[in-house]
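**Student:** This structure is in structure tokens; I'll ask about it shortly.
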Amino acid sequence: MANGGGFGFLRASKAHRAGDAIARAESIITVLQLEEIDLTAPEALVQGARKALESRNFTNALAAARAAERIALKLEGQHSAYAKAVAALRARMEEIERFGIPVDAMVATLERTEARIKVGVWEDGIEIPDYESARVIAEEAEREGKDLVEKAAMASNAVFMAELAIEALVTVPGPKDRDVFEKGGADALESALEGATRRLALRDYDQAGRVARDIEARANRLRAEFIEATEALAATSAILGDLRGKGVATGRLGSQLAITRDVLHRGVIDPAAGMARRIFEDARSLEEGHTKVTAGIAGATNRYSALVREGHLSATADRAILDARRASRDGRYPEAQKHVEDAEAAISRAESEREALAKSLKDHRHRVTVPEHATHFLPEAKEILGRAEKAFNEGDYSGSSEDLVLATLLMGSVAPKPRKTEN
């Protein structure tokens with residue numbers, strides 16, 4: 001009795017567990033039926049579990065019910081991931097269509113995912129829908145679509161930025177005839193941009209983007225060069241105007257300035273910008289040369305005038321100053337500067353000679369006043385030294401120098417008396 005009762009309880013317990021498992025599997029399937037999930041496999045397993053329960057094969061009934069639950073939950077997860085991938089792919093297709101790109105390949109991909117689901121896959125000896133492989137296919141197509149959109153967006157943006165750069169170039173302030181300037185400065189860029197636009201239409205995004213970015217860079221560079229050249233020409237014009245006001249001949253640079261401005265306003269920007277820079281440098285060099293030479297001539301003239309007022313004349317300095325003035329009037333500033341340097345050297349020599357002579361006169365005056373130098377030639381030496389000082393004060397450095405030599409000879413015979421030494 002006891003054994004019979006225990007066996008009956010065990011069978012009842014197994015039947016209860018199998019019934020509960022079947023009920024739980026049916027509940028899950030009922031909920032999942034609200035979604036678009038192919039539940040054929042778990043439904044078949046539940047039916048098999050019920051048949052096994054009816055035939056009192058509780059072990060098989062429990063195993064089938066649990067397999068149905070497990071597969072149903074797995075299909076739910078895989079289907080959810082697949083549905084998410086398909087939604088992302090469809091959203092990407094809409095984005096691609098906005099760029100005017102055909103989505104035939106993606107439509108074919110969706111058809112391929114559906115076919116892959118129907119082919120199915122075996123799970124523990126049971127064929128179930130292959131949502132996993134279909135998800136992988138959809139995600140790969142979405143990634144490719146994303147790359148395509150990014151390339152298309154970058155290329156389209158590059159073309160747009162190139163258009164803006166060209167527009168900024170042709171509307172830059174300054175050109176006299178806007179149509180002529182646009183034709184010369186932007187025709188080549190606009191033709192190249194048309195080529196980039198054609199490549200964009202052909203979905204050659206990489207090349208379209210490269211061409212457009214190059215056009216943008218060229219347009220921006222030309223605009224910057226035009227502005228720089230315009231400023232350089234304005235600065236050059238101001239320099240030349242100031243020089244003309246000072247009497248400096250600027251004819252060559254003035255004509256070059258007019259030609260460069262005309263070329264620049266015709267849109268031939270690259271060479272015109274180079275010419276503008278060179279003319280500005282030439283004008284600045286002319287200004288610097290004129291300023292330096294003018295100051296040099298003035299300085300040398302003032303120094304030489306001081307010497308002349310003292311009676312000292314220098315043929316070398318005089319001639320160098322005249323040559324410097326003549327070269328300056330002709331615009332030959334390097335040559336004029338060389339003459340200024342020659343004049344300054346001659347003046348410096350004269351000034352040094354004057355200083356040396358003054359020092360020598362001072363030394364000799366001291367010697368003739370020292371008692372130890374007394375000699376019968378001393379009166380004559382004093383007289384000649386006085387004559388030398390007078391000639392020096394009158395600017396007659398040559399006469400002063402000759403008298404100083406004579407006084408030196410007379411004083412050379414003077415020997416100081418020997419001093420007594422104490423023992």
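Every number here is computed from the coordinates shown, using simple stated rules; none is lab data. Only a predicted model underlies this, so the values are computations on that prediction, with no experimental measurement involved. With ideal geometry, Cβ positions are generated from the backbone for all residues, glycine too; neighbour counts draw on all protein chains shown.
**Student:** Which net charge results when you count Lys and Arg as +1 and Asp and Glu as -1 among the other residues whose beta-carbon is under 14 Å from that of Ser285?
**Tutor:** +2
**Student:** Which entries in the list Lys183/Lys246; Lys246/Lys338; Lys176/Lys292; Lys151/Lys176; Lys146/Lys183; Lys118/Lys151 go over 31 Å, if you measure between the two C-alpha atoms of each?
**Tutor:** Over 31 Å Cα-Cα: Lys183/Lys246; Lys176/Lys292; Lys151/Lys176; Lys146/Lys183; Lys118/Lys151.
**Student:** Moving to a separate point now. Measure off 7 Å from each Cα along the Cα-to-Cβ vector at Phe99 and Ala249, then give the distance between these two points in nanometres to one decimal.
**Tutor:** In this crude spin-label approximation the distance works out to 6.7 nm.
**Student:** OK, next. To the nearest 0.05, how large is the calculated FRET efficiency for Ala224 and Leu313 if R₀ is 60 Å and r is the Cβ-Cβ distance?
**Tutor:** That gives a FRET efficiency of 0.50.
**Student:** Arranged by the count of other C-beta atoms within 10 angstrom, fewest first, what order do Met161, Met275 take?
**Tutor:** Ranking Met161, Met275 by Cβ neighbours within 10 Å, fewest first, gives Met161, Met275.
**Student:** A further question on this structure: Between the stretch 197-212 and the stretch 58-118, what's the alpha-carbon centroid distance in Å?
**Tutor:** Between the Cα centre of the stretch 197-212 and that of the stretch 58-118, the gap is 35 Å.
**Student:** Would you mind calculating the gained length between Gln207 and Glu341 on full extension (0.36 nm times residue separation, minus the Cα-Cα distance), in nm to one decimal?
**Tutor:** This chain segment gains 41.9 nm when fully extended.
**Student:** Counting other beta carbons within 10 Å of each Cβ, put Glu123, Glu36 in order, fewest first.
**Tutor:** Exposure proxy ranking, most exposed first: Glu36, Glu123.
**Student:** Let me ask you something else. Which net charge results for the neighbourhood of Ala249, defined as the other residues with beta-carbon distances under 11 angstrom from its beta-carbon, given Lys and Arg at +1 and Asp and Glu at -1?
**Tutor:** Overall, the nearby charge balance is +4.
**Student:** Around Lys118, with a cut-off of 9 angstrom between Cβ atoms, what is the net charge of the other residues, counting Lys and Arg +1 and Asp and Glu -1?
**Tutor:** Here the charged neighbours net out to -2.
**Student:** Can you compute the modelled spin-label distance between Ser285 and Lys359, with each label point 7 Å from Cα toward Cβ, in nm?
**Tutor:** With each label placed 7 Å out from Cα toward Cβ, I get 4.2 nm.
**Student:** Still on this structure: Can you put Val405, Val103, Val121 in order, fewest other beta carbons within 10 Å first?
**Tutor:** The fewest-first ordering by Cβ neighbours comes to Val405, Val121, Val103.
**Student:** Calculate the FRET efficiency for Ala153 and Asp187 from the Cβ-Cβ distance with a Förster distance of 30 Å, rounded to the nearest 0.05.
**Tutor:** The formula returns an efficiency of 0.60 here.
**Student:** Starting from 0.36 nm per residue, how many nanometres of slack lie between Ser55 and Ile126 once their C-alpha separation is accounted for?
**Tutor:** So the extension gain works out to 23.4 nm.
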